[in-house]
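Below: the structure, in structure tokens.
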Amino acid sequence: MDTQPLRVVIRVCVTDIPGNRLARSHRLGRDFCSEVLGRELKEQPAGGFDYVHILPNFDSTNPVKAWFLFDFNATEQVDKSQLSGTIPHRVYHATRLDDSWIFTPRDHWIDTARKYCLMYTWGGKKPSGTVGS
């Protein structure tokens, strides 16, 4: 299993994500980890964790497209220059076909996504002070 830091941005129609609309970000993160990374979403901070950012429109009742942002394998605080320059970013367009996801890489969106996502602290804000303080 890969333990290198990775930031992933996914564009998806929110009503394609099954389950409770308030849990969409975590559901998409779990599904992405399972289908693309081949592992479970790590939400406990021991030994590196995955952070699920909550972005606008994730909980819409309308079939709108929204961005979802995930930081995988966060272990320490990273400043914006490191985040922009050294942590790989991947961007996907997700569509649902029956009970399965299709995660299509969108490499031409990476530069735009990298710039936009700088406003979000790597690994989120954790009370321990180790990441995103």
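Structure notes:
- Taking the stretch 1-30 as the range and being among the polar types (S, T, N, Q), open to solvent by less than 30 Å² (accessible area, probe 1.4 Å) and in a loop (DSSP other than H, G, I, E, B) as the test, no residue passes.
- Residue check for residue 72: part of a strand (DSSP E or B), in contact (Cβ under 8 Å) with a residue 40 or more places away in the chain and more than 12 Å from the chain's Cα centre (by Cα): no
- Only one of the listed residues (91, 78) is outside any strand (DSSP E or B), open to solvent by less than 80 Å² (accessible area, probe 1.4 Å) and touching a residue at least 12 places away in the same chain (Cβ under 8 Å). That residue is 78.
- Test for residue 70: is it over 18 Å from residue 118 (Cβ atoms), open to solvent by less than 50 Å² (accessible area, probe 1.4 Å), out of contact with any Phe, Trp or Tyr (no Cβ under 6 Å at 6 or more places or on another chain) and not basic (Lys, Arg): no
- Filter result for residue 49 (within 14 Å of residue 124 (Cα to Cα), touching a Lys or Arg at 6+ places or on another chain (Cβ under 8 Å), buried (at least 18 other Cβ atoms within 10 Å of the Cβ) and at pLDDT 95 or above): no
- Residue within the stretch 21-36 that is touching a helix residue (DSSP H, G or I) at 6+ places or on another chain (Cβ under 7 Å), modelled with pLDDT of 95 or more and hydrophobic (A, V, I, L, M, F, W, C) present: no
- Look at (1) at pLDDT 95 or above; (2) among the acidic types (Asp, Glu); (3) over 13 Å from residue 95 (Cβ atoms) and you find that residue 16 fails only one, number (3).
The values are calculated or read from the model by the stated rules, or taken from the named source; none is laboratory data. Predicted, not measured: the structure shown is a model, and the values here were computed from it. Note that we place each Cβ from the backbone using ideal geometry, even for glycine, and neighbour counts take in every protein chain shown. Each accessible area value is taken on the protein alone, full model and side chains, heavy atoms only, with ligands, DNA and RNA left out. Shrake-Rupley method; radii C 1.70, N 1.55, O 1.52, S 1.80 Å.
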